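**Q** Below is the structure I would like to discuss, written out as structure tokens.
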Amino acid sequence: QYFLLTLLAGPSPLSAPPAPHTCQGLAPGLPEDRQVNTSGPRLLLTTLHPASSSSTAMDRIFSALLLSLLLLLQGYGVCGASPQPRGTLCRTKPTDLVFIIDSSRSVRPHEFEKVKVFMSRVIEGLDVGPNSTRVGVINYASAVKNEFSLKTYQTKAGLLQAVRRIEPLSTGTMTGLAIQFAITRAFSDSEGARVRSPNFNKVAIVVTDGRPQDGVQDVSARARAAGIETFAIGVGRVDMHTLRQIASEPLDEHVDYVESYSVIEKLTHKFQEAFCVVSDLCATGDHDCEQICTSTPGAYKCSCKEGFTLNDDGKTCTACSGGSGSALDLVFLIDGSKSVRPENFELVKKFINQIVDSLEVSEKQAQVGLVQYSSSVRQEFPLGQFKNKKDIKAAVKKMAYMEKGTMTGQALKYLIDSSFSIINGARPGVPKVGIVFTDGRSQDYITDAAKKAKDLGFRMFAVGVGNAVEDELREIASEPVAEHYFYTADFRTISKIGKKLQMKICI
């Protein structure tokens with residue numbers, strides 16, 4: 001009995017009740033009248049009240065606490081779900097999601113790029129697929145442009161590339177017209193919307209920075225009546241009254257304001273969590289955990305895979321351990337074409353050194369080589385030239401940007417013929433790993449070289465950014481393809497891919 005008192009109520013069980021236990025989503029096994037409404041993020045609250053010692057016998061205290069414990073464990077079935085490995089998506093309720101994006105002349109081009117990054121970040125946190133979440137985008141100014149429908153893209157990579165290609169219209173601000181278009185067209189059966197059902201959500205996210213030139217109150221009411229949950233995001237000198245007319249109730253959950261487009265990304269986490277059925281802090285980001293992020297009720301913790309040790313910072317892990325079987329010949333093939341741009345090429349260098357940090361570099365363990373390609377191929381340094389991580393990282397930082405075309409096929413052929421040859425430092429019998437990094441479509445033929453690299457037993461990873469072509473990445477990647485190719489819309493997020501690659505290379 002004392003144990004249960006201590007467990008449930010802390011060291012002073014007869015004082016004030018403890019803080020409520022909170023979690024999001026549905027608690028399996030609870031009756032329907034105690035379920036949380038999943039039309040948006042809600043909190044399930046269970047408060048434990050200790051009984052009075054002066055009026056209740058100890059057996060009644062025990063019975064009450066046992067009942068509270070059972071209820072607590074039922075709630076924990078949601079919040080205390082089995083730990084998910086880093087990178088596992090938050091489980092989302094199937095949703096038809098349409099972004100309604102203001103690109104009027106007051107939205108400058110560099111600000112519109114920020115809106116695209118915001119949309120990409122939200123999409124990256126979703127469980128995208130024909131039977132889960134579908135995404136469409138409406139772009140509006142004086143007129144409305146349907147950028148793509150709910151039925152157009154069924155993969156996350158396709159959506160992210162489509163968002164990247166959106167251009168601003170730069171005319172007026174017909175917000176009401178855009179919302180009407182969403183009702184009659186974007187959320188129609190012909191455009192991929194599903195029949196209204198309690199099993200999934202219909203959600204519109206409106207982003208605007210000004211006062212509309214038409215009315216929004218009536219058309220927004222019709223959208224809500226049609227079952228569309230509407231979020232309104234205002235930027236800068238937006239009319240707040242307009243936002244409140246657009247948004248669904250409760251307004252404090254559906255209206256957001258940011259001072260400028262430069263900080264709109266801070267809303268990403270809110271919308272990632274809004275679509276989660278289960279509250280899982282690791283689902284919407286790895287929180288800088290280098291290897292594994294494990295969710296606990298209302299919190300998270302970092303840990304490491306077998307053979308690794310968590311460092312004192314509580315986030316990073318020690319490098320791959322030495323010993324037998326740790327020898328590795330690793331060559332980077334890095335796209336230096338002009339589309340990468342100098343500032344992003346510096347991020348690519350950091351990406352390379354991030355992976356180098358995870359290796360035990362020596363003559364008997366990991367060796368690293370680096371090749372840059374554009375219209376031609378240039379070996380920056382061969383395998384074995386540098387015997388420690390410090391020298392490799394220094395050489396990477398000094399690498400000059402080539403800034404020409406994209407001859408990925410030629411680079412793959414060079415990898416096969418030269419980089420992994422004995423004359424260039426490769427060791428017989430040692431596993432060979434190639435990491436190909438590109439931001440666009442190859443200007444030459446890659447199929448034969450990609451196949452030959454894998455036939456020779458090379459383990460090939462393909463990393464694409466921006467306008468990289470998903471089919472080409474898959475063609476380069478080793479089997480299973482899903483574990484060997486990666487894509488992100490934004491160069492600034494490639495460090496997350498680096499973390500995943502660190503683990504896969506170590507294994």
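**Q** With the full set of protein chains in place, find how many percent of the accessible area of the stretch 328-506 is carbon and sulfur; take the probe as 1.4 Å.
**A** The computed percentage sits at 51.
**Q** Among the chymotrypsin sites (Phe, Trp or Tyr not before Pro) in the stretch 402-496, which ones are in a DSSP loop with at most 14 other Cβ atoms within 10 Å of the Cβ? Mind listing them?
**A** Y445
**Q** Now a separate question. Would you mind getting me the FRET efficiency between K504 and R105? Use the beta-carbon distance for r and R0 = 51 Å, nearest 0.05.
**A** 0.65
**Q** Could you name the lysines whose alpha carbon sits less than 17 Å from that of K413, not counting residues in the same chain fewer than 8 places away?
**A** K432, K451, K452, K454
**Q** Mind running the shape call on the stretch 90-276? Use the C-alpha gyration tensor, a ≥ b ≥ c as the square roots of the eigenvalues: rounded below 1.5 for a/c, prolate if a/b tops b/c, oblate otherwise.
**A** On the way: a/c = 1.36, a/b = 1.21, b/c = 1.13.
The shape class here is rounded.
**Q** Roughly how many percent of the accessible protein surface of the stretch 90-276 is carbon and sulfur, given a 1.4 Å probe and a whole-percent answer?
**A** Exposed carbon and sulfur together represent 50 percent of the surface.
**Q** Suppose each label sits 7 Å from its Cα in the direction of the beta carbon; what would the K350-K451 distance come out to in nanometres?
**A** 4.0 nm
**Q** In addition: Could you tell me which of G236, N131, V258 has its Cα farthest along the dipole of the stretch 90-276 towards the positive end, charges placed at Cβ (Lys, Arg +1; Asp, Glu -1), taken about the Cα centre?
**A** Result: N131, furthest along the dipole toward the positive end.
**Q** I've got another one for you. Lys and Arg at +1, Asp and Glu at -1: add these up for the other residues within a Cβ distance under 10 Å of T438 and post the number.
**A** -2
**Q** Of the cross-linked pairs K116/K393; K93/K145; K389/K499; K114/K270; K93/K270; K305/K397, which ones have a Cα-Cα span greater than 23 Å in the structure shown?
**A** Check vs 23 Å cut-off fails for K116/K393; K93/K145; K305/K397.
**Q** According to the Kirkwood expression over distinct Cα-Cα pairs, how big is the hydrodynamic radius of the stretch 349-457, in Å?
**A** Averaging 1/r across every pair of different Cα atoms and inverting gives 14.6 Å.
**Q** Per residue, how much accessible surface does the stretch 328-506 expose to a 1.4 Å probe? Answer in Å², no decimals.
**A** Ligands and nucleic acids excluded, the result is 41 Å² per residue.
**Q** Under a 1.4 Å probe, what is the accessible area of the stretch 90-276 per residue, stated in Å²?
**A** Result: 40 Å² per residue.
**Q** Going by Cα centres, the stretch 187-256 and the stretch 448-473 are how many Å apart?
**A** 42 Å
The values are calculated or read from the model by the stated rules, or taken from the named source; none is laboratory data. In this text, all values refer to a predicted model and were calculated from it rather than measured experimentally. Virtual Cβ from ideal backbone geometry, glycine too; neighbours counted across all protein chains shown. Heavy atoms of the whole protein, side chains included, go into the accessibility calculation; ligands, DNA and RNA do not. Shrake-Rupley method; radii C 1.70, N 1.55, O 1.52, S 1.80 Å.
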